[in-house]
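I have placed the structure first, in the form of structure tokens, so that the comments after it can refer back to it.
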Amino acid sequence: MIVDLADLRYAWKNGARPLIDIPRLTAEVGERVLLWGPSGSGKSTLLGLLGGVLAAQHGRLRLLGQDLARMRGVQRDRFRADYIGVIFQLFNLVPYLSVVENVTLPCRFSRHRKARALHRSSSLEREAIRWLTALELSDREVLEKPVAELSVGQQQRVAAARALIGAPALVLADEPTSALDADLKEAFLGLLLAECAREGTTLLFVSHDHSLLPQFDRGVDFAALNRAQAQPPRDPAPQRRIA
Amino acid sequence: MVGLALKSLRNRRFTAGLTMLSIALSAALLIGVERLRHESQRSFASTISGTDLIVGARSGPVHLLLSSVFHIGSPTNAISWDSYETVAALPATAWAVPISLGDSHRGFPVVGTTAAYFEHYRYARGRGLTLGEGRIFGSADEAVIGVEVARALGYRSGRSMVLSHGTGDVSFQRHEEAPFRVTAVLQPTGTPVDRTVFVSLEGFDAMHAGMRQGAAGYDPLRGFGTRRSGAGGAGHAGRGGQEKAAVAITAILVGLKSRAAALQVQRFVNEYAGEPLAAILPAATLLELWSVTRVAERALLTIAVFVVAVGLIGMLTTLLTKLEERRREMAILRSVGAGPLHVMALVAGEAVFLTVAGASLGVVLLYALLLLGAPALQAHFGLFVEIAWPSGRELGILGLVLGLGCLVGLVPGYRIYRFTLADGMTVRL
């Protein structure tokens, strides 16, 4: 089991109202899971917990058999670098790096992923181009552009290549298609799902878009899953400003 | 990480370059002020190495020191040859060199003295003067010149020169009839000697006589109009051991057999009944001079410190204003495995890099300025700046600037640390 969490609770700080309260969630090796739910239901918070950026106060959070809840911050960072790829909704790329440098970025932080990337290709650059080609982005012209000049669809594919390089066991995707129009959405999702299937990578894909469900192995209604989110808490700061 | 930081900086090279430049300039200013302070003191102190006392007419000690050794300001009044002989004959005196001041040649001071000057003058911890070529002046129409004079005016041994009266660059009267011949050029010393024309006391006085003659139309042979009593011929005609009594001198450089006698000799000179004289201890007088200039030095140093502070605050402002934009970048780095401390190091490291690079550039700038500006400093202020490695004190100042730069870097570093803890991987700006 790649993902195995039970009775997981997380609050912004101890004693506050929990944002996440999930009795159980699992994902098997190679399984592609859609977590759908409205925005503000805590989906991004869950991704933060899975990515080891946030630390849960209570419960079990096992990834690849290791309990993230028992790790210290630095260990969780290392774990994320080695085993997890992440795709954001927007602004996935570091503006001062080239397309290829953006793809190979995880290899700078993880020797493990670097080794696995080099296991497949003779150089990191070649491995990056291999992934970009798999995601139908091999045009020399595109590769040499500054990343800020790429279209959103191209940027998302570069982000997918970055998430997949070095064969992480788990890819977390946070609404990566919501900025794409329908055609591009189809194309991007198709490529991402196909590559995850081929690599045997587990994919947790978070979206508010329920219509994507048929393309996944399984879907989870996040609003129903997360007991903490009857009503999303409001940020108190703006209220004070209004008053 | 370092590669990332450098690429990120290269992406913002314009602002980063400006920040670096402002730090470079401020560091160069701070170290430059310290360097000039140190160099001026060193240069002054090394100029009078070996001279235990300076005797002259009564005036302020600083005035006597500056005019007699550094040719700065107007010369003090003349003193009599008798006084020189008295001082020279004191049992404690090892040597005494008379000097006459007040004339110039095309902006370079002319000093009348004796051959003993070249024997006893010491600079830079006991180094003596050496003649590059030729010999010391033998007669009243011969001159020895410093290397700067030779370089600036293109003089060599054997060349004739006309000396004029007055300390300014422009003299209305030139004594065309009595040219001097250069017999030697001195080796460089890095002291005011390099900018000096040396003639014999007789030659110096002959200039005066010639001037008087030219100005008033008197017959020099009658010796009319000379200030001193004694032998009559102060002009070109009368020269010899006896005639020296007629020569005016401005100051006496004295070397003692034992430094311990300095205060005793000083008291004797100060109480000398023949005429009002004053003796100064150069080292003590220099300290007096530094105590006067210290206020200005402190003010300069304070200004320089504030300029450095402004440079560092400028860097802080640039780093902080860019911080909001960079939260997204940091979220991406976190997603690929960077920890909050990584991110902090990335931002704080930038400040460190900018400070180190800026300070290094500042040192390079300073040395370039010193190399380019040294001749001008020498020509206009008589200040000889040695191009040396940074002193311990300067390295200390550099270290302090670097330390402050690192501290400044902690501010944006800490802020981004807080941001990354709060943002995690979910920045949506």
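The values are calculated or read from the model by the stated rules, or taken from the named source; none is laboratory data. This structure is a prediction, so every number in the text was calculated from the model and none was measured. Neighbour counts are summed over all protein chains in view; Cβ atoms, including those assigned to glycine, are modelled from backbone coordinates with ideal geometry. With ligands, DNA and RNA removed, areas are computed over all heavy atoms of the protein, side chains included. Shrake-Rupley method; radii C 1.70, N 1.55, O 1.52, S 1.80 Å.
For chain A, the equivalent ellipsoid derived from the alpha-carbon gyration tensor has semi-axes of 30, 21, 18 Å in decreasing order.
Take chain A with all the other protein chains still there, run a 1.4 Å probe, and you get 45 Å² of accessible area per residue.
With a 10 Å cut-off around each Cβ of A:92-98, the average count of Cβ atoms from other chains is 6.
Between residue B:296 and residue B:275, the contour length at 0.36 nm per residue exceeds the Cα-Cα span by 3.9 nm.
Assuming R0 = 51 Å, what is the FRET efficiency of residue B:15 and residue A:9, from their Cβ-Cβ distance, to the nearest 0.05? In this case the efficiency is close to 0.70. For peptide A:78-84, the mean count of partner chain Cβ atoms within 10 Å of a residue's Cβ comes to 3.
Accessible area buried by the pairing of B and A, both sides summed with a 1.4 Å probe, works out to roughly 2300 Å².
Label separation (residue A:186 vs residue B:325): 3.9 nm, computed from points 7 Å beyond Cα along the C-beta direction. Straight-line reach from residue A:13: taking Cα to Cα under 19 Å and skipping same-chain neighbours fewer than 8 places apart, the aspartates and glutamates in range are A:21, A:235, B:423.
When the accessible area of chain A is split by element with a 1.4 Å probe, what percent falls to carbon and sulfur? Of the solvent-accessible surface of chain A, carbon and sulfur hold 49 percent. Listed by chain and number, the lysines whose C-alpha is less than 29 Å from the C-alpha of residue B:7, apart from same-chain residues fewer than 8 away, are A:114, A:145, B:322. Segment residue B:372..residue B:72, full-extension length gain: 105.6 nm, with 0.36 nm per residue of separation and the alpha-carbon distance subtracted. Peptide A:53-63 is shielded by partner chain Cβ atoms: per residue, an average of 1 of them sit within 10 Å of its Cβ. With the simple model of a label 7 Å out from the Cα in the direction of the Cβ, residue A:152 to residue A:199 spans 2.4 nm. Placing unit charges on the Cβ atoms only, positive for Lys and Arg and negative for Asp and Glu, gives the protein assembly as shown a dipole magnitude near 1720 debye about its Cα centre. Computed over protein heavy atoms with a 1.4 Å probe, the carbon and sulfur contribution to the accessible area of the stretch B:36-80 reaches 58%.
Ranked by the mean number of other Cβ atoms within 10 Å per residue, highest first, peptides B:44-55, A:119-130 order as B:44-55, A:119-130. Residues of the stretch B:386-429 with an amide N closer than 18 Å to a point placed 7 Å from the Cα of residue A:55 along the Cα-to-Cβ direction: B:417-425.
Coordinate range of the alpha-carbon atoms in the stretch A:58-200 per principal axis, descending: 46, 35, 30 Å. Helix A:182-199 against the longest principal axis of chain A: what's the angle in degrees, Cα atoms only, rounded to the nearest 10? The answer is roughly 80 degrees.
Note on residue A:66/residue B:410: beta-carbon distance plugged into 1/(1 + (r/R0)^6) with R0 of 30 Å gives a FRET efficiency of 0.35. Inter-label distance, residue A:141 to residue B:85: 10.4 nm, where each label sits 7 Å from its Cα along the C-beta direction. Using R₀ = 22 Å, calculate the FRET efficiency as 1/(1 + (r/R₀)^6) where r is the Cβ-Cβ separation of residue B:119 and residue B:259; round to 0.05. Plugging the Cβ-Cβ distance into 1/(1 + (r/R0)^6) gives 0.70. Over all pairs of different C-alpha atoms in the stretch B:1-112, the reciprocal of the mean inverse distance, the Kirkwood hydrodynamic radius, equals 18.9 Å. The convex hull defined by the C-alpha atoms of the protein assembly as shown has an orientation-averaged projected area of 44.9 nm².
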